[in-house]
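Working notes for the structure below.
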Amino acid sequence: MAKFEIYQFPCLSDNYGVLLHDSETGVTASIDAPDEAAIRTALAKTGWTLTHILNTHHHHDHTGANDALKASSGCTIAGPKDEESKIPGIDVSLSNGDTYDFGGHKAQIISTPGHTLGHIVYHFADDGLLFAGDTLFPLGCGRVFEGTMEQMWSSMEKLTKLPPGTQVYCGHEYTQANANFAVTAEPDNQDLKVRAAEIEALRAKGQATVPTTIGAELRTNPFMRAGNAARFAETRTAKDNF
């Protein structure tokens, strides 16, 4: 089986688009669909043909291009069953524990409610990849819009159990702001201090801080390191007011 090729690109104000391609089967997925023009440009640049959209949750900056891309490509749209009424053009509804076959690569579906009630993430265990949507960010996590703090902590806890080497792609470039907060939440974390300096240098050059790894987040992300729901809620509330 061919190794995935991945092409990440910025779009909208602070989103990331990601194309996931298998050269043997020719399948190409857009992870979420934030911006039609940016995705079309990325497809033209790579020479890949869109066959799938893998949606993590219903927010418009993740599904806004679904209908237009499906109309032009006939792509299959997969997304969370618990939000299927809000996912434009959805063909395949996925729930926690499901396995989705994408060109022979198996994605384990993990339910991560909190940011939205039906949010899911795609874990390609054999490929060492996690597409986390707006659940997990470098040094951060998604705002708790629809779920409860307890739900969001439970979702984070699931991700702490994934292999440390897992590469994590997410929906936004929020890392500088997350770092600015994280160092106040864990002022004695030396790994975090080093990482914050590296992030500042990357962003000063306009470079991406995504992907990250589960291991890096376990060492430096105060939300993944909270340990319990009460501490998580305290940290998330502090970030919301930072």
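Count the DSSP beta bridges whose two residues both fall in the chain, then state the antiparallel fraction as a percent rounded to the nearest 5.
Details: 27 of 39 bridges.
Looking only at bridges with both residues in the chain, the antiparallel portion is about 70 percent.
As a footprinting exposure proxy, order PHE242, PHE124 by other Cβ within 10 Å, with the fewest listed first. Walk me through the intermediate numbers first.
Numbers: PHE242 11, PHE124 19.
Exposure proxy ranking, most exposed first: PHE242, PHE124.
Can you check what the net charge comes to around THR160, using other residues whose Cβ is under 11 Å from the Cβ of THR160 (Lys, Arg +1; Asp, Glu -1)? Display every interim value, and only then the final one.
Numbers: positive: LYS158, LYS161, ARG225; negative: GLU157, GLU217.
After counting each charged neighbour, the total is +1.
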Problem - the chain - mean residue ellipticity at 222 nm from DSSP helices (-39,500 (n - 2.57) per run, n ≥ 4, rounded to 500) - result: -9500 deg cm²/dmol
Problem - Mean separation of Cα contacts under 8 Å, 6 or more apart, over the residue count of the range 5-240: relative contact order % - result: 14 percent
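Taking the number of other C-beta atoms within 10 Å as the exposure measure, put SER93, SER72, SER111, SER13 in order starting with the fewest. Can you show the working numbers first?
Numbers: SER93 15, SER72 11, SER111 22, SER13 8.
Result, fewest neighbours first: SER13, SER72, SER93, SER111.
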Problem - Binned Cα-Cα distance frequencies in the range 1-55 - 10 Å width, integer % - result: 26, 59, 14, 1
Completion exercise
Out of ALA33, ALA197, ALA125, a Gaussian network model of the chain with alpha-carbon springs under 10 Å gives the largest mean-square fluctuation to ALA197
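Contour minus end-to-end for PHE145 and THR25, with contour as 0.36 nm per residue of separation and end-to-end as the Cα-Cα distance? Can you show the working numbers first?
On the way: separation 120, 0.36 × 120 = 43.20 nm, distance 3.80 nm.
Contour length minus the Cα-Cα distance gives 39.4 nm.
None of the figures in this text is laboratory data; all of them are computed from the coordinates on show. From a predicted model like this one, the values you see are computed outputs, not experimental measurements. Positions of Cβ are backbone-derived with ideal geometry, glycine not excepted, and every protein chain shown enters the neighbour counts.
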